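Student: Just passing along the structure, written as structure tokens.
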Amino acid sequence: MNYDVVVAGAGPAGISSAVALVRRDPSLRHRILVLDRAAFPREKPCGGGLTGHAEEAMAALGLELTVPSVPSPRAEVRFWEWRREVALGRPVRIIRRDQFDASLVAQARDLGIEVRERAALQDFRVDGDGVDIGVGEGGGERIRARVLVGADGVGSRVRKHLNGESDGTPIRLFRLELPAKGAWRSDAMLYDFSPMSDGLRGYLWVFPVAGEWINVGLMHDPGAPLSGGDLEALLRRHLDRLGITLPRAARGWPAFGYHPSAPIGGAHLLTVGDAAGIDALTGEGIAVAMEQGLVAAAAITDALATGDFRFARYRRALRRATVGRELAIDRWLARLLYRGDWRRWLSLVMFDDEMLALYAARVSGSMVLADHKRALVAALWRHLPRLGSRRRALEAAIA
């Protein structure tokens, strides 16, 4: 069986890549195969926020939001007793990933794209003409493709082929859904940085979910080594502080942050989504995946037209796209906040109204932060003479 493009992974990254290809060239609809080891709907741990430029990406793809969602028009940022609330330029919609991903698969099939469930990519071999791919148990079924897209997550076989053993340590995330009670029947997205004083290098979240549920979790940067048990204990302890009881263990998963110089393409191969890297500052990956799918589709259609399947320019194209520019600046901010003097930079977020508004606009997708570097640098310079007093206030909050 021969295809022009085989996509490993039917999550937002894989489906977006396939749909974008068909939008660019409708004749490809019967020459694309999307594989996934799961059956949809399937459980997928995620914060569930359609943040950033998800709305624009879905519009460009011609995909619709067909599942229940909760629009969150505001965000609350906390550090112990310090609370800051900021209006979002446009609401962030919170969805359940199992429902959302299944809806994207259904829409791809409506376009005539073949999506095969319970069919995992087992192995592949690149040769001069394309890729020989093994599918299913033991790789018993062999298919060929001119391009293989790795949209198969943090453990992507394509990513490992391109990166070798140089992946490094991933970001860690934990998440659980709970019934909303009392004060948590709210439309606000909570970002709580209080656990940073206990060793976390990230934040705890509480997001509203349709059906009077809440999505709780935390993200941890790999710069500070903490075990899964440590992170679970941090989540439980700080949810207790907020009046939320964790009735059972949260589900954890790893993710790699985007790195501008990491190899994400090679001969007949591309990666998108978690396989290419998510937002290192927030851990967000849905909008990132769909935006990367659009860039990958442009590179693939060009390769099919020219016969040049080296994808030598894909990394640069992704870096120069809005998604790449946003991911690069968030990677820089993450290194300041999570791997540098976190008190210095968290006090900037907590006490500078303009800085908070800038990042709220980035989260909501109402602004491209990479186009406003002057405002960002101005906030940093404005912060320096006030650093001492702001840090003391932060220390008082910890005490």
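The values are calculated or read from the model by the stated rules, or taken from the named source; none is laboratory data. In this text, all values refer to a predicted model and were calculated from it rather than measured experimentally. When we count neighbours, we look across all protein chains shown, and the Cβ atoms used for this are built from the backbone with ideal geometry, even at glycine. The protein model used for the area step is the full one, side chains on, heavy atoms only, and it has no ligands, DNA or RNA in it. Shrake-Rupley method; radii C 1.70, N 1.55, O 1.52, S 1.80 Å.
Student: Leaving ligands, DNA and RNA out of it, rank 43, 114 by accessible area with a 1.4 Å probe, largest first.
Tutor: 43, 114
Student: Give, rounded to the nearest 20 debye, the magnitude of the charge dipole that segment 114-251 has about its Cα centre when Lys and Arg contribute +1 at Cβ and Asp and Glu contribute -1 at Cβ.
Tutor: Its charge dipole is roughly 260 debye.
Student: A further question follows. Along the charge dipole of segment 249-399, Cβ charges K/R +1 and D/E -1, which of 393, 256, 287 sits furthest on the positive end?
Tutor: After comparing all options, I get 393.
Student: Determine, for each peptide in 195-205, 80-90, the mean count of other beta carbons within 10 angstrom over its residues, then list the peptides with the highest first.
Tutor: Ranking the peptides 195-205, 80-90 by packing returns 195-205, 80-90.
Student: Around residue 366, what is the net charge, scoring Lys/Arg as +1 and Asp/Glu as -1 over all other residues with Cβ under 14 Å from its Cβ?
Tutor: Charge balance in the 14 Å sphere: 0.
Student: Counting only Cα, what are the radius of gyration and maximum Cα-Cα distance Dmax of segment 19-117, in Å?
Tutor: Spelled out, the Cα radius of gyration and Dmax of segment 19-117 are 17.0, 58 Å.
Student: Keeping all protein chains in place and using 1.4 angstrom, which order do 117, 395 fall into by accessible surface area, from largest down?
Tutor: So the residues, ranked largest to smallest area, are 395, 117.
Student: Which three extents, in whole angstrom, do the alpha-carbon atoms of segment 288-388 cover along their principal axes, largest first?
Tutor: Between the extreme Cα coordinates on each principal axis of segment 288-388 lie 59, 26, 20 Å.
Student: Hey, rough spin-label estimate for residue 85 and residue 144, points 7 angstrom out along Cα→Cβ, what's it come to in nanometres?
Tutor: Between residue 85 and residue 144, the simple spin-label model gives 6.3 nm.
Student: What is the distance in Å between the Cα centres of segment 45-81 and segment 310-331?
Tutor: Taking the Cα centre of segment 310-331 as reference, the centre of segment 45-81 is 22 Å away.
Student: Give me the accessible area per residue for the chain, probe 1.4 Å, as a whole number in Å².
Tutor: It amounts to 40 Å² per residue over the chain.
Student: Here's something else I'd like to know. Could you give the size of the charge dipole of the chain about its Cα centre, using +1 on the Cβ of each K and R and -1 on the Cβ of each D and E, expressed in debye and rounded to the nearest 20?
Tutor: 880
Student: While we're looking at this one, here's another question. Among 330, 221, 187, which one shows the biggest mean-square fluctuation in a GNM of the chain, springs joining Cα atoms closer than 10 Å?
Tutor: Highest fluctuation of the listed residues: 187.
Student: Most fluctuating residue of 250, 305, 119 in a GNM of the chain with Cα springs under 10 Å: which is it?
Tutor: Among 250, 305, 119, the largest mean-square fluctuation in the Gaussian network model of the chain belongs to 305.
Student: Simple spin-label model, 7 Å along Cα-to-Cβ: residue 56 to residue 116 in nm?
Tutor: Modelled inter-label distance: 3.6 nm.
Student: Okay, moving on. Considering only DSSP beta bridges with both partners in the chain, what is the antiparallel share in %, to the nearest 5?
Tutor: Roughly 70 percent of the beta bridges in the chain run antiparallel, per DSSP.
Student: Now, a different point. Treating only the Cβ of Lys, Arg, Asp and Glu as charged (+1, +1, -1, -1), what charge dipole size does segment 99-182 show about its Cα centre? Round to the nearest 20 debye.
Tutor: 260
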